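Novice: First the structure, which I've put down as structure tokens, then a few questions once you've had a look.
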Number of protein chains: 2
Amino acid sequence: MRTSPLADLQSRYGSQLDARIQKWLAWPEDSSDFAGMMRYQLGYADETLKPTLAPSGKRFRPLLCLLACEALGCRGEQALDTAVSVELLHNFSLVHDDIQDRDPSRRHRPTVWKLWGEPQGINVGDGLFALASRAVMAIADAETAVAVGKAFQETALLLTLGQFLDMSFESRASVAIDEYIDMISRKTAALVGFCVWSGARIGGMDEAFLGHLRDFGRWLGIAYQIHDDIMGIWGSAEETGKLPGTDLRNCKKTLPVLLAAQRARGGDERTFEAYFAGAAVDLDLVRETLDRLDARSDTEDVVETNLESALSALQRSGLDGEFIENLQSVAFELTGQAPAKSSGTVSNR
Amino acid sequence: MRTSPLADLQSRYGSQLDARIQKWLAWPEDSSDFAGMMRYQLGYADETLKPTLAPSGKRFRPLLCLLACEALGCRGEQALDTAVSVELLHNFSLVHDDIQDRDPSRRHRPTVWKLWGEPQGINVGDGLFALASRAVMAIADAETAVAVGKAFQETALLLTLGQFLDMSFESRASVAIDEYIDMISRKTAALVGFCVWSGARIGGMDEAFLGHLRDFGRWLGIAYQIHDDIMGIWGSAEETGKLPGTDLRNCKKTLPVLLAAQRARGGDERTFEAYFAGAAVDLDLVRETLDRLDARSDTEDVVETNLESALSALQRSGLDGEFIENLQSVAFELTGQAPAKSSGTVSNR
């Protein structure tokens, strides 16, 4: 039996990655409570800002970046600062997202704003963004630093555009499936695309291949986010680190809900109208309606379609060997798929 | 009679600067309401996001950057993208600051969060930061782009550290004068230092001179912020664009208050204790106490001391001629000083 590809990557790079993230978090002023709050968000400090090791998420973004750097036989370590910047940017967006959604917990712990208030929460996010933006420029070759730095900030801008769309959906009576996919392609997928692209770029890969790798990351990012939507409704607190049903309680217009609403008739239609209007909804009723309308399996089909697009992009790159197999395995794991399920699109090497 | 040096700069560079800021704000998606909200903050859109020309502040930071670029005979235009990034970064900090302080108005108009809510307000700030970080990398020479980009993000990080200190002062019973100066040296002065440094760096100036110019900017930034504190208490709405007395109403621990509290005895001491505790204070009483304890003239002395440090740094640079005179004139104007007042420290060329 194969072990988890992400666990493999974690065991190869985890401690180096932790050490490098902590190095950046200690800069420029290790001692301030401000740095402590940033360390808390990343899982290196407890609520009193004392050192600890708390759950810190899968860290799949920086690990993907390091893996992508190995494409041409490079050591992943070369992309370590870029990997750090990706994880810091992701955490910046989580800190602000938690304020915007008023989420009280994340990764089994209170959120930053819940502990230290909204004003400091906003500022902790800002600090993480600044630190991420500084770390991404720590590449010895100036031309590479500029190319990677520009792409990083373009990704960050797309991320805020996606966040704008996500929030503007909240006050709307309906959202089309295409609009939803467009939103997550910015909010989530652009960053996953950057991870793969930047790692491979630092590893010395040619422009001709880089585009395909970025496409792979983007499709994977979409598939991952939709899988995450599924977990947000049907996953346990243990799996997600959030209170179960948070998305439903916040009347989030996630893909399972949008797909079910599309085919709802009669009483079901009214259930979703109330949900979309943000009215106090009967959570059990919404869940039962989603199940009856096959929302879960419909959504899983969309995950699979996007995963297949990701794997096709990999094949189009013309690259082969262990590197590609590793990327494929990570893609399967991130989207909750058994490799066999999509074997038709997997290279038969 | 000399005209205003900032007005001179504005007439030389204002329209180019406006055009370049608007170019960046139109990127990558001109049409979205998100870009519209960013344009609103910069003064280019009204509340319905239609084009307008609203008050946009003095724009002294980008103008200082352009002026500094002229040091060795360069055209200021070369630093135009960097100047834009400085103005965008400043506006990012204002948007978040307004949320954190719950300020309802800025530059005679409602603040972004007041119009579109806190969640979107946080995101508009994030978008401006991302755009600023992208614009700062638009320098043709890669080595220069990396040096300026790194310094920019270090400045942004100092800015968030300063903001952390400023907010943490709110819940404290006392703040020492040194702590206050330390806070504004990060929150305000680091960015002014960056403006002068980056402009001169792009203009081709040697390392030996750059440090003195950055020091000039930092001291000037401190003097400017303290002058701004004075205006926040004794300035009119017309001069500041804010509701008069906002700082006092928010029980802000600005320098005039800290200086007066230091020498307060008896009833005056209790007035400031209540103020520092954030209790509902009698604004007229606080104002009367500040006046009676000479807080304004004491604070003006501190402005002058820091302005003198700025001008000394300029002299130490060994640079001379019109360039230095222009920087001096801007420094006088920004700190509300008549040039003659500090003539002892002004080069007699």
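All of the numbers you see were taken from the coordinates with simple rules; none came from a lab. Everything numeric here is computed off the predicted structure, so don't read it as measured data. We place every Cβ from the backbone using ideal geometry, glycine too, and count neighbours over all the protein chains shown.
Novice: Stokes-Einstein at 10 °C, 1.306 mPa s, Kirkwood radius from Cα pairs: D for chain A in µm² s⁻¹?
Specialist: The estimated diffusion coefficient comes to 76 µm²/s.
Novice: Related question: Using a 7 Å offset from the Cα along the Cα-to-Cβ direction at both A:Gln22 and A:Ala7, what is the distance between the two label points in nm, to one decimal?
Specialist: Reported label-point gap for A:Gln22 and A:Ala7 is 2.4 nm.
Novice: Percent relative contact order of segment A:244-312, based on C-alpha pairs within less than 8 angstrom and at least six residues apart?
Specialist: Dividing the mean separation by the residue count of segment A:244-312 yields 38 percent.
Novice: Give the calculated FRET efficiency between B:Ser105 and B:Leu49 to the nearest 0.05, with a Förster radius of 22 Å applied to their Cβ-Cβ distance.
Specialist: Efficiency computed from Cβ-Cβ geometry: 0.75.
Novice: A further question follows. Just to be sure I understand: chains A and B are related by a rotation, so which residue of A has its Cβ closest to that axis, and how close in Å?
Specialist: It is A:Ala142, 2, counting Cβ atoms only.
Novice: For a footprinting-style exposure proxy, rank A:Phe169, A:Phe92 by other Cβ within 10 Å, fewest first.
Specialist: A:Phe169, A:Phe92
Novice: Can you give the net charge of the other residues whose Cβ lies under 11 Å from the Cβ of A:Ser309, counting K and R as +1 and D and E as -1?
Specialist: -1
Novice: B:Ala200: net charge of surrounding residues, Cβ under 11 Å, Lys/Arg +1, Asp/Glu -1, itself excluded?
Specialist: -1
Novice: Can you tell me the mean projection area, over all orientations, of the convex hull of the protein assembly as shown's alpha carbons? Units nm², please.
Specialist: Spelled out: convex hull of the Cα atoms, projected over all directions, averaged, 32.2 nm².
Novice: Magnitude of the Cβ-charge dipole of the protein assembly as shown, K/R +1 and D/E -1, about the Cα centre, nearest 20 debye?
Specialist: 180
Novice: Remind me, relative contact order of segment B:1-60 in percent, using alpha carbon pairs under 8 angstrom and six or more residues apart?
Specialist: It comes to 21 percent, rounded to a whole number.
Novice: Just to be sure I understand: if I project the alpha-carbon convex hull of segment B:9-61 onto a plane and average over all orientations, what area do I get in nm²?
Specialist: 3.6
Novice: To continue, here is another question. Determine which lysines satisfy two conditions relative to A:Lys50: a Cα distance under 25 Å, and not lying fewer than 8 residues away in the same chain.
Specialist: A:Lys23, A:Lys58, A:Lys114, A:Lys242
Novice: Okay, next question. If you rank B:Ile202, A:Ile324 by fewest surrounding Cβ atoms within 10 Å, what's the result?
Specialist: A:Ile324, B:Ile202
Novice: Among B:Leu191, B:Leu49, B:Leu67, determine the one that fluctuates most according to a GNM of chain B built with springs between C-alpha atoms less than 10 Å apart.
Specialist: Highest fluctuation among the options: B:Leu49.
Novice: Would you please report the Å³ per residue occupied by the convex hull of the alpha carbon atoms in segment A:1-135?
Specialist: 112
Novice: For B:Ser174 and A:Ser31, what does the FRET efficiency come to when R0 = 25 Å and r is the distance between their Cβ atoms, rounded to the nearest 0.05?
Specialist: 0.75
Novice: Which whole-number percentage describes the relative contact order of chain A, with Cα contacts under 8 Å and a sequence gap of 6 or more?
Specialist: It rounds to 17 percent for chain A.
Novice: Between A:Glu288 and A:Ala274, what is the spin-label point distance in nm, taking each point 7 Å from the Cα along the Cα→C-beta axis?
Specialist: Reported label-point gap for A:Glu288 and A:Ala274 is 1.2 nm.
Novice: Further question on the same structure: Using C-alpha positions alone, give me the convex hull volume of segment A:177-272 per residue in cubic angstrom.
Specialist: About 105 Å³ per residue, rounded to a whole number.
Novice: If you put +1 on each Lys and Arg Cβ and -1 on each Asp and Glu Cβ, how big is the dipole of chain B around its Cα centre, in Debye rounded to 20?
Specialist: Charge dipole, chain B, about its Cα centre: 340 debye, nearest 20.
Novice: Could you check which residue among B:Arg201, B:Arg107, B:Arg12 shows the biggest mean-square fluctuation in a GNM of chain B with a 10 Å Cα cutoff?
Specialist: Largest GNM mean-square fluctuation: B:Arg12.
Novice: Can you give the average number of partner chain beta-carbon atoms within 10 Å of each beta-carbon in peptide B:167-178, as a whole number?
Specialist: 1
Novice: Could you give the DSSP H helices of chain B that reach 30 angstrom or more along their long axis (alpha carbon positions) and whose average Kyte-Doolittle hydropathy is no lower than 0.5?
Specialist: Going by DSSP H runs, the hits are B:142-170.
Novice: What net charge do the residues around B:Gly221 carry, taking every other residue with its C-beta under 11 Å from that of B:Gly221, with Lys and Arg at +1 and Asp and Glu at -1?
Specialist: Result for the local shell: +3.
Novice: Another question, if that's okay. Ignoring everything except DSSP H segments at least 4 long, calculate the 222 nm mean residue ellipticity for chain A; use -39,500 (n - 2.57) per segment, divide by total residues, nearest 500.
Specialist: -22000 deg cm²/dmol
Novice: Can you find, among A:Leu9, A:Gly57, A:Trp219, the residue sitting farthest towards the positive end of the charge dipole of segment A:5-347, where Lys and Arg contribute +1 and Asp and Glu -1 at Cβ?
Specialist: A:Gly57
Novice: Between B:Ser236 and B:Ser312, what is the label-to-label distance in nm when each label sits 7 Å out along the Cα-to-Cβ direction?
Specialist: Rounded to a tenth, the inter-label distance reads 3.7 nm.
Novice: Considering only B:Phe164, B:Phe60, B:Phe152, give the residue with the highest GNM mean-square fluctuation for chain B, with springs between Cα atoms whenever their separation is below 10 Å.
Specialist: Comparing B:Phe164, B:Phe60, B:Phe152 in the GNM, the peak value goes to B:Phe164.
Novice: At A:Pro104, with labels set 7 Å past Cα in the Cβ direction, how many nm apart are the copies from this one, shortest first?
Specialist: The projected label point of A:Pro104 is separated from its counterparts by 3.1 nm.
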